[in-house]
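To keep things clear, I will list the structure first and then write my remarks on it.
Taken together, the values in this text are just the output of simple stated rules run on the coordinates, not laboratory data. Fair warning: this is a prediction, and the values are worked out from it, not measured in the lab. A quick note on method: Cβ atoms are made from the backbone with ideal geometry, for glycine too, and the neighbour counts reach across all protein chains shown.
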Amino acid sequence: MSVMTKRGRAGRAALNLFAAFGFLYLFLPIAFIVAFSFNDPQGKFNIVWSKFTLDNWKEPFSDRGLTDAFVTSLQIAAVSTLIATVLGSMIAIALSRYRFKGSAAYNFFLVLPLTTPEIVLGSSLATLFLGQSVVDFGFTTIVIAHAMFQVSFVALTVRARIRGFDWTLEQAAQDLGASPVRTFWKVTFPLILPGILAASLLAFALSLDDFIITFFNAGSTLTFPLQIFGAARVQLPPQINVLATVILVVTVAIMGTGSFMGERRRRRLGQTA
Amino acid sequence: MAAPVVSRVRNLTGSSSERIGLTGLVLVGVALLAVGARWVSGPIALVVLVLAALVVVGFITLAVLGSPETKRALSPYGLLKPGSLWLAIFYLAPLWTLLKISLSSKETRFAVFPTFSWEFSNYGKAFSDFGPQFTRAFLYAGIATALTILIGYPIAYVIAFRGGRFRNVLLGLVVIPFFTSYLIRTIAWTSILADSGPAVKVLDTLQLSGVLEFLNIMQDGKLINTPAAVIGGLTYNFLPFMILPIYVSLEKIDVRLVEAAQDLYSSASRAFRKVVVPLSIPGIFAGTLLTFIPAAGDFVNAQFLGNPNTTMIGNSIQDQFLRQNNYPVASAMSFVLMAIITVLVIIYSRFFGTEDLA
Amino acid sequence: MNAPKRGFSRRELLIRSGVVGAAGLSLPAILAACGGDDGGGGGADELFVENWPYYIDPTEDGATGTIDRFVAASGVKTTYSEAYNDNLEYFAKIQPLLGTGKTIDPDIIMPTQWMAGRLRKLGWLEKLPVDKVPNAKNLEDAFKNPPSDPTGEYSLPWQAGTAGIAYNIDVTGRELKSVADLFAPEFKGKIGMLTEMRDTIGLLLLGLGINPSTVTSFNDAAPAFEQLEKAKADGQIRAFTGNDYMDDLSLGNFAACVGWSGDILQLQADNPSARFVIPEEGGTLWWDTMVVPKGAKNTAAAAKFMDYVYDPVQAAQITAWVQYMSPVKGVREELAKIDPELADDPLLFPDDATRARLYAFADLSDDVEAEFEEAFSAITGA
């Protein structure tokens, strides 16, 4: 390393300070959300601090509309993530394992849904559903809409994750006499599973949080974000903050466990981090 | 009779199988697209679907009977089929129906299905009535993107080069706030920026209100319900989408390159400018796309943090679609938004050079 | 007209205890979700009611809400949903179904009278089973056979209200009396207006001396639109709101705004400096109506519900909580037994002089309505 000048050191410190403020900035609204889950709001909107209470946490599900919408969101996310994980992983495997005609064009095609503004995705799907009478706006259309953008997302994420995968392992297995199907299930799949799981977890989160696309395709069904949006015109109960905090904590826990277990696995397999 | 066919199938070479696989994939995709976009309907649609099914059956037969080489060549197409078909029906077909409806008009005010009539006036209306919303959307999204670069680059830099063992933790910290709902985060800003909230109180105490008022960041003593609040919201909500790609490209940079540069150039900042920045361009490029594009179409920030003079095109599309029932004009607006963004992205990529986005 | 101070109302206890209003009643809209028109069951034993939020007395603080009392009295299994947030938005949701001959889940929905008129003209409503609603005779004469429903066969009013000026006297520093006060320069950036076009434009028309009940074309109302457009461009208006104006008013974000009469009592409970006034030029009158969408399965149960809520005793309970004007005769007397102060409230039971200053917006033809709505949405910036 070159010798650090005084200016250099000051510059370093300034940069670190800036980054620290950056993190504070990122967490400021989160701090508010968590803090206000303990608020007893004066009016109907939980925006100004009034006084501390634990009641909201004692009765997090007291707002039936909110809770039901939350359950709906979970159900939708489960179904759409399942569809997207299967379809997306298949695409990812195809793209990374094989060299084939059209793969470059396909890559581009895959990225398209993610680079189209959500409002275009949402409104275009709505026009598709409008002109047919097979499916009514509701649970099914939301699942379809979510799975659509999740497929691209899962495909790209899994592909990035399994990039370093050593496909010659399959060759080795087959040399040892395993059939292609057995090879896949016993060798390939367990090794790429973490990548798939990570991608599907992220896709699940995306589905839970999706607002714009859902807004256009929900009909009368209410998902968690839709319920908040509708209710926000009338009332913002602190239970929203409670549920949001719960989602946050659970996600962090899952992420933490996931990376912790990944760390352990890596160490066990003798690989460096 | 079947024997020569079967043996021909078995003898298919890898590359011709590839061609067959690709053609099969494209054919079935187009078929489903046609049905979804309603290029064909009724009995013809049924025929198309049957044909597509036949192609799939043929594909599977080929895969089963063919030589290992054929199997290998065909497998990627097989794997790609389900996902691609899903996207064909639910991504491509809708774009087509969007286009179609944008050129339609409603026969009666409350008719459910607009009828196609080459109604280009919808586009005229989209521009003339909603011009300001388009402009504002791109302006706000542009400023927000620039701000995310200004704020996000240093953060990504610090994580990449100073993070050490804590890199993953720090990255996690960047991402965690975004596991709360998008709506709730934006609503939280209404709390923070409220007239009687902490931000305004702090500014008043520090006597900065006058300066901010001058800069038009505050308007009439308000921080919220201002354009600045909307831009601030956009910046905040899309910050991780800038930090992560920049981080990824910075992380790939070999530290020794940087050290060498610092030895060769007289100052660290020059080394930075000449070496690090150019190498991080792909990240900035990807980040810009991931930030600008969704921000331009957003309406949530403008709805909660803005005022009637700060509405963006997203608000208008949403209103026309879901309140005014004006599907034709709304679709035209949607399409124009996508078209403009595509043009901007093309120009932008020419400027920056396309890189692998994944 | 300033409403007198009140003590703790039931609603207030509700908010203070942090438990959301109709929590005990909001049964899942998820039932409405999975697959369009499978309502499930039918006949006289089930009912699905779709209403605006906070528009019925809930079960809380030891009192039984109207829905629960109805269920107990009639044995009808009732689903009550509060997803009716906005007339136009709800219309957009039901249009793909009712417009193509399908049915929607709710048996009773609660559009504002002008929207009921639109639904009626489109043929999307069932005639009310009035022979099964004997209490319909209790309908106040003022609401009989309105322009939106000339035969009175398709709608029964739920509650009525007026739009006027709600303001925060601490912020304004003085009493407001006229529509012109909304445009006072000292309130720049602190004025709110409603997204409900007929209330906002109606009030503005009155301020300009034009009678909103008699407008027939866009030109008649153009001056109001111009005035609104200018106010928005000048930054006079902070936001166009729905029900969310109340907190803004309490917090002082709005000095004054166009608001609804039924909200003021709730408002004052939160913040004693809130005031409501029907401007001297006049206020707008509106009412929300119970209608039965075409193809509804449980018309018999719907009739039972309507009959129940048109019983003055029950109606009084509803009015005691929502604090809007009841369209049912005899409510005032019943209310006097429960809440005498409320029974004398001029906002709930306006005297003739006040009545004369309330104007319902004219029933507009489709084309004209389209022009109005387009112009309005251009201004509200959406």
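Please report the spacing between the Cα centers of region B:100-153 and region C:286-342 in Å, no decimals.
When both Cα centres are located, 44 Å separates them.
Please work out the C-alpha center-to-center distance from region C:52-89 to region A:17-52 and express it in whole Å.
Cα centroid of region C:52-89 versus Cα centroid of region A:17-52: 33 Å apart.
Using the number of other C-beta atoms within 10 angstrom as an exposure proxy, rank A:SER96, C:SER261 with the fewest first.
With the sparsest Cβ surroundings first, the list reads A:SER96, C:SER261.
Considering every residue in B:300-308, what mean count of other chain Cβ atoms within 10 Å of its Cβ is obtained?
That works out to 4 on average.
Report P(r) for chain A: all Cα-Cα distances, bin width 5 Å, range 0 to the bin holding the largest distance, values in whole percent.
1, 5, 9, 11, 12, 13, 12, 11, 9, 7, 5, 3, 1, 0, 0
Go ahead and estimate [θ] at 222 nm for chain A from helices alone: -39,500 (n - 2.57) per DSSP H run with n ≥ 4, summed, over the residue count, rounded to 500.
Result for chain A, helices only: -24000 deg cm²/dmol.
Rounded to the nearest 0.05, what FRET efficiency do B:PHE166 and B:VAL30 have when you use their Cβ-Cβ distance and R0 = 45 Å?
For R0 = 45 Å, the calculated efficiency reads 0.35.
Zone of B:ILE44 (label point 7 Å along Cα→Cβ, backbone N under 17 Å): which residues in region B:88-107?
B:97, B:100, by backbone N distance to the label point.
What is the mean number of Cβ atoms from other protein chains located within 10 Å of the Cβ atom of each residue in peptide A:110-116, rounded to a whole number?
Per-residue shielding by partner chains comes out at 6.
Provide the per-residue ³J(HN,Hα) series for region B:254-264, in order, calculated from phi with Karplus coefficients 6.51, -1.76, 1.60 and θ = phi - 60°, each as a whole number of Hz, with x at glycine and proline positions.
So the Karplus estimates, Gly and Pro as x, are 6, 4, 5, 4, 5, 4, 4, 4, 5, 6, 7 Hz.
Mind telling me which of B:LEU92, B:LEU239, B:LEU208 comes out most flexible in a GNM of chain B, alpha-carbon contacts under 10 Å?
B:LEU208
For A:94-107, what's the mean count of beta carbons from other chains sitting within 10 Å of each residue's beta carbon?
So the per-residue partner count for this stretch is 5.
I need A:ASP63, C:ASP363 ordered by Cβ neighbour count within 10 Å, fewest first.
Lowest count first: C:ASP363, A:ASP63.
Only Cα pairs within less than 10 Å get springs; with that Gaussian network setup on chain B, which residue of B:ALA295, B:ALA88, B:ALA229 has the largest fluctuation?
Largest GNM mean-square fluctuation: B:ALA88.
Longest exposed-loop-site-free stretch of chain A, with trypsin sites (Lys or Arg not before Pro), DSSP loop and at most 12 other Cβ within 10 Å?
A:164-273
Enumerate the lysines that C:LYS127 could reach by cross-link, defined here as Cα to Cα under 23 Å, with residues fewer than 8 away along the same chain left out.
C:LYS77, C:LYS93, C:LYS102, C:LYS137, C:LYS144, C:LYS294, C:LYS297, C:LYS304, C:LYS329
Give me the distance in nm between label points sitting 7 Å out from Cα along the Cα-to-Cβ direction at B:VAL255 and C:LYS127, one decimal.
8.6
Using a Gaussian network model on chain A with a 10 Å cutoff between Cα atoms, which of A:ASN56, A:ASN241, A:ASN107 fluctuates the most?
Comparing A:ASN56, A:ASN241, A:ASN107 in the GNM, the peak value goes to A:ASN107.
Tell me, what are the semi-axes, in whole angstrom and largest first, of the equivalent ellipsoid of the protein assembly as shown as set by the roots of 5 times the Cα gyration tensor eigenvalues?
Working from the Cα gyration tensor, I get semi-axes of 52, 36, 26 Å.
Provide the gained length on full extension for the span B:LEU54 to B:ALA111, in nm with one decimal, where the gain is 0.36 nm per separating residue minus the Cα-Cα distance.
My answer for the length gained is 16.7 nm.
Straight-line reach from B:LYS201: which lysines have Cα under 25 Å away, leaving out those fewer than 8 places along the same chain?
A:LYS44, A:LYS51, B:LYS222, C:LYS188, C:LYS190
Provide the FRET efficiency to the nearest 0.05 for the A:PHE23-C:ASN145 pair, computing r from the beta carbons and using R0 = 41 Å.
Efficiency at R0 = 41 Å is approximately 0.05.
Sort B:TRP86, B:TRP189, A:TRP185 so that the residue with the fewest other Cβ atoms within 10 Å of its own Cβ comes first and the one with the most comes last.
Ranked by crowding around the Cβ, least crowded first: A:TRP185, B:TRP86, B:TRP189.
Using 0.36 nm per residue of separation minus the Cα-Cα distance, give me the extension gain between A:ARG268 and A:VAL246 in nm, one decimal.
Gain on stretching A:ARG268 to A:VAL246: 4.7 nm.
What is the Cα centroid distance between region B:42-92 and region A:99-148, reported in whole angstrom?
19
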